[in-house]
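Read the structure below first, then the notes.
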Amino acid sequence: MQDSVFQILFLGENPSWSKLSQALLAVPDAPVNIHRLDSLSDLFQALALGRWHAVALDVHAWNFQGLHYVEKIRSEYPTFPILALYSPSIPELDTKATTSGASRCISLDQLTADVLHTAVASALSDCNSEFLLQKGTQMHLPLTESEGATLTFSKNQVITHALNNLLCVISANADLLSDKLSASGPDVRPLSEIKKAARSAAALMRHLK
């Protein structure tokens, strides 16, 4: 796992992105690729396409909205590695991130390419050791096209994952549209019904797990 090149999504503001970029520039051949995204909606759409090893979240971002984003991602992806990037100048922020669902917390003062890679490898190891396979048909999904390592999932788990992705994308885009529409506009009611249906379907999916 230490030789794997990890594909990591990043969501956060410029100060954290600058720290992350500097850490990677210091080690040009680091086995880590970072892909920056602009919004939670973009993040969920990227996750729906797969081929990612982890998400790195700036928990300071947008007046600590990053902590809420950790919760939202964890609710849809129970075992996916989430790395919380935080500043130690704010007491107990790492504890709050862990409580919100972060797999690992990395201080921005200690952020290096090696620390990032080790955190992802460790989180993936936890994921694999805790992943219980059900009896029946199983599917093997490669982490990346160039890697030999694979994760093993049952057919039902793959279907559940895909449905969760779909519901997540619907909800995220409905939230974005809600922000742009007038509270008394003609499109508000249909949009509310879409969000209500998505919430009901998500609750049913959690009940069926």
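The values are calculated or read from the model by the stated rules, or taken from the named source; none is laboratory data. Since the structure is predicted, the reported quantities are computational estimates derived from the model, not experimental observations. Note that we place each Cβ from the backbone using ideal geometry, even for glycine, and neighbour counts take in every protein chain shown.
How many residues does the range 24-74 contain that are under 11 Å from the mean Cα position of the chain (by Cα), under 14 Å from residue 97 (Cα atoms) and in a helix (DSSP H, G or I)?
The qualifying residues number 6.
Can you tell me which condition residue 34 does not meet? The list is (1) in contact with a Pro (Cβ under 9 Å, 6 or more places away or on another chain); (2) on the phi < 0 side of the Ramachandran plot; (3) surrounded by fewer than 21 Cβ atoms within 10 Å (Cβ to Cβ), and all the others hold.
The failed condition is (1).
Here are some residues: 87, 107, 100, 41. Which one is closer than 22 Å to residue 126 by Cα, in contact with a helix residue (DSSP H, G or I) (Cβ under 6 Å, 6 or more places away or on another chain) and modelled with pLDDT of 90 or more?
After applying the criteria, what remains is 100.
Just one of (1) small (Gly, Ala, Ser); (2) in a loop (DSSP other than H, G, I, E, B); (3) at pLDDT 65 or above trips up residue 121, so point out which.
Looking at each condition in turn, residue 121 falls short on (2).
Across the range 44-61, which residue is surrounded by the fewest Cβ atoms within 10 Å (Cβ to Cβ) among those that are out of contact with any helix residue (DSSP H, G or I) (no Cβ under 8 Å at 6 or more places or on another chain) and at pLDDT below 90?
The selected residue is 49.
Determine if the range 125-138 includes at least one residue that is modelled with pLDDT of 90 or more, out of contact with any Lys or Arg (no Cβ under 9 Å at 6 or more places or on another chain) and not polar (S, T, N, Q).
Checked the range 125-138: no residue is modelled with pLDDT of 90 or more, out of contact with any Lys or Arg (no Cβ under 9 Å at 6 or more places or on another chain) and not polar (S, T, N, Q).
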